[in-house]
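First comes the structure, then the notes that go with it.
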Amino acid sequence: MPRLILHVDLDAFFAAIEQRDHPEWRGRPLVVGAQPGGRGVVATCSYEARRFGVHSAMPITQAARRLPPETVYVRPRVAHYAQVSAQIMAVLATISPRIERVSIDEAYLDVSGLTALFGPPRVIGEQVKGSIRQAVGLTASVGIGPNRLIAKLASDYHKPDGLTVVLEEQVADFLAPMPFNVLRGMGVKTAPRLARLGVKTVGDLRELSLETLRQHCGARAGTQFYYQARGIADDRLYPDRERLSISKERTFPEDVTDPKQLAETLHWAAREVAWTARQTGRLGRVVTLKVCFYPFETHTRSRSLRVPTADEQDLYQVAWSLLASEATWTGRPVRLIGLGLSGWSQPTTGQQLDLFETAETGRNPADNGLTETLDAIRHRFGAEAIQRGIGLHHQGN
DNA sequence: TCTGGGGTCCTAGGACCC
DNA sequence: TCTGGGGTCCTAGGACCC
């Protein structure tokens, strides 16, 4: 008995919310993202803007050249979109409790057992679209298939406001004529490699042997593509996946060489990351510094701490020492700098638990109380340890 | 022509341990 | 003295996704 997986994807989500909230912007090209002239990209744009060839991830300068003067440009209001998203997810959960939210505007539902209650797959799809429209006044595209891949491709098949059902016996015919780069994991690096072999459609790709695919795409990805081309993919949901890392980064309007400005930005990132970590009850052991130079040359440096932390001073000091220990970076203009925390572990000391208590009181993360708490840990484990990021799992490091 | 910000996953080498 | 192979951790980079 094949499963029935439903994928729901809100149409031009950010742009649709802005047009919903601002009737005067309806029917006009609208871009949510960077301001024209700045550094940045299109996050989402309205269908009116797409008619000019503009799409997500397009550099804003390029988009602005294509779009007419009446175009509306707005900065993303992510917190607001997240609220709308939560409303939608709540409504979806009333249709099937087996739900996996994959991003702010996408979710999978396992609707395998629902045909007895609602009727055939198409009726379930209509129910999903109808309840979203009723709850938040937005349209969504829905795809239903025997697994995640087919459901996702089906929701992409008709946009916007689409509904596509692909039954198991239709999978092969559905896939064969599609451009092969619709497969998951087929990006700007891998696709050209296969295109050189003469592959154009999923049907073409299906002619390649497992060995050939693994040779050109790597063992893992190659195997994935082999099965995807045959419509074989995961049909499970992963509802409660824990976030594995927290990070904050900033691209400067113009490249920066001033160390003071880099330090300030790292301070800001450390404060934000530490705050989020504490609010979600996490202590991390791995601090990662990310730096990007002209022209888009990106580097990361990370250090594993012996004592997990969620303290902004710790994060800042580790990141700064990682930056400072790279002699060849000194003086180079920096385009982007950021900081991440990962490698969660349970709090092991009373002082660490105090961090969360402080977070729960809602006090400003810059509050000195937190630093005092960390001082206690420093005292217990050694100041040098925390200041240097302690790190040093291996001798001689 | 220029490329955000937040993520996940994979690969690969070296260290270390058994 | 010389040798293997597996497993895990750490680190850096890269591809990809929304």
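Observations, loosely collected:
- Cβ-Cβ contacts under 9 Å between residues 6 or more apart (or on different chains), taken from a first residue in region A:159-188 that is at positive phi to a second residue that is among the aliphatic types (A, V, I, L, M), are listed as A:161/A:140; A:185/A:221.
- Residues that are within 16 Å of DNA strand B (Cβ to nearest atom), more than 25 Å from residue A:336 (Cα to Cα) and of a type in the set (D, E, K, R), drawn from region A:16-56: A:18, A:50
- When A:262, A:266, A:205 are checked against the criterion of being away from DNA strand B (no atom under 16 Å from the Cβ), of a type outside the set (Ser, Thr, Tyr) and open to solvent by less than 90 Å² (accessible area, probe 1.4 Å), A:205 stands alone in meeting it.
- Selection status of residue A:172, surrounded by fewer than 18 Cβ atoms within 10 Å (Cβ to Cβ), more than 23 Å from the chain's Cα centre (by Cα) and closer than 16 Å to residue A:152 by Cα: yes
- Only residues that are within 11 Å of DNA strand C (Cβ to nearest atom) and either in contact (Cβ under 8 Å) with a residue 40 or more places away in the chain or not charged (D, E, K, R) (or both) were counted in region A:189-215, giving 4.
- Counted residues, region A:314-344 - those being part of a strand (DSSP E or B) and open to solvent by 50 Å² or more (accessible area, probe 1.4 Å): 2
- Checking each residue in region A:84-138 for being open to solvent by 20 Å² or more (accessible area, probe 1.4 Å) and either within 16 Å of DNA strand B (Cβ to nearest atom) or β-branched (Val, Ile, Thr) (or both) picks out A:91, A:94, A:99, A:101, A:102, A:103, A:104, A:105, A:106, A:115, A:123.
- Taking the criterion of being modelled with pLDDT under 95 and small (Gly, Ala, Ser), the residues of region A:199-220 that qualify are A:218, A:219.
- Check on residue A:252, under 19 Å from residue A:329 (Cα atoms), more than 8 Å from DNA strand B (Cβ to nearest atom) and either aromatic (Phe, Trp, Tyr) or in contact with an Asp or Glu (Cβ under 7 Å, 6 or more places away or on another chain) (or both): yes
The values are calculated or read from the model by the stated rules, or taken from the named source; none is laboratory data. This is a predicted model, so every value here is computed, not measured. Using ideal geometry, Cβ is built from the backbone for each residue, glycine included, and neighbour counts are taken over all protein chains shown. The area values use the complete protein model at the heavy-atom level, side chains included, leaving out ligands, DNA and RNA. Shrake-Rupley method; radii C 1.70, N 1.55, O 1.52, S 1.80 Å.
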